[in-house]
Structure formats: structure tokens, C-alpha cells
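Below you'll find the structure, written out as C-alpha cells, and then a few comments.
Bear in mind that the values in this text are calculations on the coordinates, not laboratory data. Quick caveat: nothing in here was measured; it's all calculated off a predicted structure. In this analysis, Cβ positions are derived from the backbone assuming ideal geometry, glycine residues included, and neighbour counts consider all displayed protein chains.
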Amino acid sequence: MNQQDVAINAERQPVVFAREGEVFANSRDVAAFFGKEHRSVLNSIDNLIQQEPDLGLHNFMQTPYVEPSNGQTYRSFDMDRDGFTLLAMGFTGTKALKWKLSYISAFNTLEAEVKRVARDGGTIDLNNPTQLRNLLLNYSERTEKLEQRVQELLPSEEALDRLSKADGSLNITEAAKALQMRPKDLFDYLSRNGWIYKRAGSASWLGYQSKTTAGMLEHKVTTVLRADGSEKVTEQVRVTPKGLTALAKLIKPSLSLAI
């Protein structure tokens, strides 16, 4: 794949593009598609990078652009699929769900085409109407399937909104039940994806600072009275309503939305 950018950019469709074999979306296009101010989207990205600086190295690439109307240079970000997914977690509402699914479909379509072209040893030709038509038809077919799934998922989205406003936190076993998965699978997911860890020689799980600072996890300290009258202090990591909502969006869609 050469340096040429390739875009899916039809009316009322998400804009994604391929560069050097990877697929990206730009923050300006995301803001326009979701009807948000670009500065609001930039603030959300800045907050994500502030919480997890590595995101600025791997998932969000700052890409300045020049505004033709005044010649001024402004900030924007190119984001990969993971970056978009993290950003879009903050976009709520029934319409937002449909639009998020449309963007995911666009990523899927262009990623599949990039892989196919690379496998065949060719390139995507912007001047080839047949190639672009097939690409857009493939995207449209996937979008129709995802829109059918939206109607099934809307009650779940509304439930997640209620869940995020609920009081109290859950231990990981209780959180697993709420997510309709085995506790072992949730423990494995959280430890693999930078939510929880164990200190050397300790049997207790702890939450990473980034997740507790973000309000996804919290620690509950409990004093237990032993049979001999002595006291033992235990610390338990718990998932907050905000964290449970985030996990539901990260884990459950990945299991149920594959097409």
C-alpha cells in the first residue's frame, strides 16, 4: 500500500480512510457526523490522552490542518478503530448508537478491502469506479444489517443509561452476573486489559490508578473480626456503575455484534 489516502465518503455516511495499510477516522469528520462541535470532540480526546498517555502514541495522532477561509492552522486527530471506540463510548442516546454502528461498519468494510487488496498484491484505485462502487455496496449491505440490530439493542442502550446513574458498586463476581458472563471470564478480561492487577505475593486484586481516577473502579476496605478476637483489614476492588456501563459497551457488543 502506498501513501495514497483512500476514503469512503458518501452522503450521510461516515468518513474513514486508509493510509499505509491502516484505517483511520479524523476528529473533524467524526464531529460533523455526530453533530458535535469539533472543540468538544477535541476536549474528549484530550481527556482520554490525559488519563492514558499511551493513547496519544498509538490510537490518536495529532494532525494539524489549515482552514481555507482564514489560512489559520488548527488541531485535529486521526484515530484508529480503538481510538474511535473509546471516544464514542461517551456519545449516548438512541441516535448515537445507530451512528456508532455505522462508523464501526465503515471501519470493518475498509479494513477488509485493505486486507484483500494487500493479499492480492494490488492497490485501491480512486479512479476505478467499479472498485469504489463495490466497496460502497459492501459497506451499504453491512449498514443495513447493523441497522436491523439497532432495534434489538435500543432497550439495552436505555438500560445502560439507567445503570450508569445507579447508586452503589459491585464486586467483580456481582458485576459478572450483571454482564451475564462467568466471573472467571470477567476477571481474565479485566486483568488482560489493564483494569486490575495483583501485587507480588498478594491474593487480592487491586484496580489500576487510571481506572479508579476515571471513576470506573473503587476500593472498599473492610475490617474482619477473627475467631481469636484479632482484626484483619481486607481491601476489595469493586466496579462502579460507570465502570459497569463501560464494560457492558466494551464486552457485550463485541460478543453480539459480530457479523
Once label points are set 7 Å from the Cα along Cα→Cβ at both Q209 and D46, what is their separation, rounded to one decimal in nm? 2.3 nm
Among I45, I172, which comes first, then next, by fewest other beta-carbon atoms within 10 Å? I172, I45
Rank by packing, highest mean first: peptides 99-105, 70-76, 59-65, with packing defined as the count of other Cβ atoms within 10 Å averaged across residues. 99-105, 59-65, 70-76
Local charge sum around S210 (other residues, Cβ-Cβ under 12 Å, Lys/Arg +1, Asp/Glu -1)? -1
In order through region 14-31: 3J(HN,Hα) via Karplus (6.51 cos²θ - 1.76 cosθ + 1.60), integer Hz, x for Gly, Pro: x, 10, 10, 8, 10, 9, 6, x, 10, 10, 9, 10, 9, 4, 5, 5, 4, 4
Over region 68-122, what portion of Cα pair distances is larger than 13 Å, expressed as a whole percent? 71 percent
³J(HN,Hα) computed for each position of region 168-184 - Karplus, 6.51 cos²θ - 1.76 cosθ + 1.60, integer Hz, glycine/proline x: x, 10, 10, 6, 5, 5, 5, 4, 4, 4, 5, 8, 6, 9, 6, x, 4
Run the quick spin-label model on A32 and K198: label points 7 Å from Cα toward the beta carbon, then report their separation in nm to one decimal. 5.1 nm
Length gained if K220 through M61 is fully extended, taking 0.36 nm per residue and subtracting the Cα-Cα distance, is 53.5 nm
